[in-house]
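To keep things clear, I will list the structure first and then write my remarks on it.
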Amino acid sequence: MKLFKSHSVRVSAILAFSMLTLSACETVQTTQGGLVGVDRTQRMAVSAQQLDQSANKQYSELLADEKKKNNLNRDRAQVARVRSISNRLIAQTPAFRPDAKTWQWEVNVLTSAEVNAWCMPGGKIAVYSGLIEKLKVTDDELAAVIGHEISHALREHARERASDQMVAGSLISIGSALLGVGSLGQQGAEYAYMGVIGLPNSREHEREADRIGVELAARAGYDPRAAITLWQKMGKVGGSAPPTFLSTHPSSADRSSDLTVYAQRVMPLYLQAKK
């Protein structure tokens, strides 16, 4: 009887803590839906200001380090090309969130064999020369990848992931301590979180960035269908992909299918921009 009562007290404490933690989250609508209709609400426990400050610090440190290695904006032609495409995409970001026009956008090219590009919170963009050279990307394909990365920043996916991890980490730690399951039980809970919540959310983020990315490209006058060939090229240099249920990215077939639908949806915007 005492054991049952003790267990009930622990469960009640966990539930109370869970409610307190979740109540600290803010429900936000980071972007307008656009023609692609990305309108999922998000729960944030980390402030945008907090994450932006951290991102700006990391970005400054990274650029300083790359400059020392002579890897920062080394090829003038590449830099001019990337910045020209990026600026056209950035000009379209108010269609999804008007405040993006006040962001302190930066665009740089890093000399590296890595096939990569990213956009930090607040609009800090980097494109790696390996992506340009190894994939032999067209301007439309380059717009697709930069638009995709910009979309992650517009949707504040990094802030959402940080919020999810903070909440989950708190719940798992407190719950494990109260239930006395030990490190093995806590590790099991962490794996369960990653499989049930963590990875599916990441795949959702990728789909949202794909869809917003093709609309940004179309609005900027770049062929949205290039996103399909871009990710096909990416798949070929990526080697053997992990199973879909363990991947933070949609499978190649799923991604191509989804992009085909949404690229077609935004074609009128592309045709209008090309006039």
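Step by step: first the residues of the range 77-111, then only those that are of a type in the set (S, T, N, Q) and assigned to a helix (DSSP H, G or I), then the one that is farthest from the chain's Cα centre (by Cα). Which residue is that?
78
Hey, among the residues in the range 136-173 that are modelled with pLDDT under 95 and of a type in the set (A, V, I, L, M), which one's nearest to residue 31 (Cα to Cα)?
Ranking the candidates gives 158 first.
Of everything in the range 218-240 that's within 19 Å of the chain's Cα centre (by Cα) and of a type in the set (A, V, I, L, M), which residue is modelled with the lowest pLDDT?
Result: 234.
Could you count how many residues in the range 40-80 are hydrophobic (A, V, I, L, M, F, W, C) and under 25 Å from residue 212 (Cα atoms)?
Within the range 40-80, residues that are hydrophobic (A, V, I, L, M, F, W, C) and under 25 Å from residue 212 (Cα atoms) number 8.
So the check is Cβ under 9 Å with 6+ separation or different chains; which pairs have a first residue in the range 231-256 that's at positive phi and a second one that's modelled with pLDDT of 75 or more and of a type outside the set (Asp, Glu)?
none
Give me a count of the residues in the range 118-146 that are farther than 19 Å from residue 56 by Cβ and part of a loop (DSSP other than H, G, I, E, B).
Of the residues in that region, 3 qualify.
Out of all the residues in the range 104-126, which are free of Cβ contacts under 8 Å to residues at least 24 places away in the same chain and in contact with a Gly (Cβ under 6 Å, 6 or more places away or on another chain)?
Once the filter is applied, which keeps residues that are free of Cβ contacts under 8 Å to residues at least 24 places away in the same chain and in contact with a Gly (Cβ under 6 Å, 6 or more places away or on another chain), the range 104-126 yields 105, 113, 114.
Determine, yes or no, whether residue 137 is buried (at least 19 other Cβ atoms within 10 Å of the Cβ), more than 19 Å from the chain's Cα centre (by Cα) and within 18 Å of residue 216 (Cβ to Cβ).
Yes.
Would a scan of the range 81-94 turn up a residue that is at pLDDT below 95, charged (D, E, K, R) and in contact with a strand residue (DSSP E or B) (Cβ under 8 Å, 6 or more places away or on another chain)?
Within the range 81-94, not a single residue is at pLDDT below 95, charged (D, E, K, R) and in contact with a strand residue (DSSP E or B) (Cβ under 8 Å, 6 or more places away or on another chain).
What are the residues in the range 40-57 that are within 22 Å of residue 102 (Cα to Cα) and loosely packed, with under 13 Cβ neighbours inside 10 Å, if any?
Once the filter is applied, which keeps residues that are within 22 Å of residue 102 (Cα to Cα) and loosely packed, with under 13 Cβ neighbours inside 10 Å, the range 40-57 yields 47, 49, 50, 57.
Pick out the one residue from 114, 66, 61 that is assigned to a helix (DSSP H, G or I) and modelled with pLDDT under 95.
61
Name the single residue, out of those in the range 4-39 being modelled with pLDDT under 90 and part of a loop (DSSP other than H, G, I, E, B), that is surrounded by the fewest Cβ atoms within 10 Å (Cβ to Cβ).
By that ranking, first place goes to 24.
The values are calculated or read from the model by the stated rules, or taken from the named source; none is laboratory data. Since we're looking at a predicted model, the values are computed, not measured. In this analysis, Cβ positions are derived from the backbone assuming ideal geometry, glycine residues included, and neighbour counts consider all displayed protein chains.
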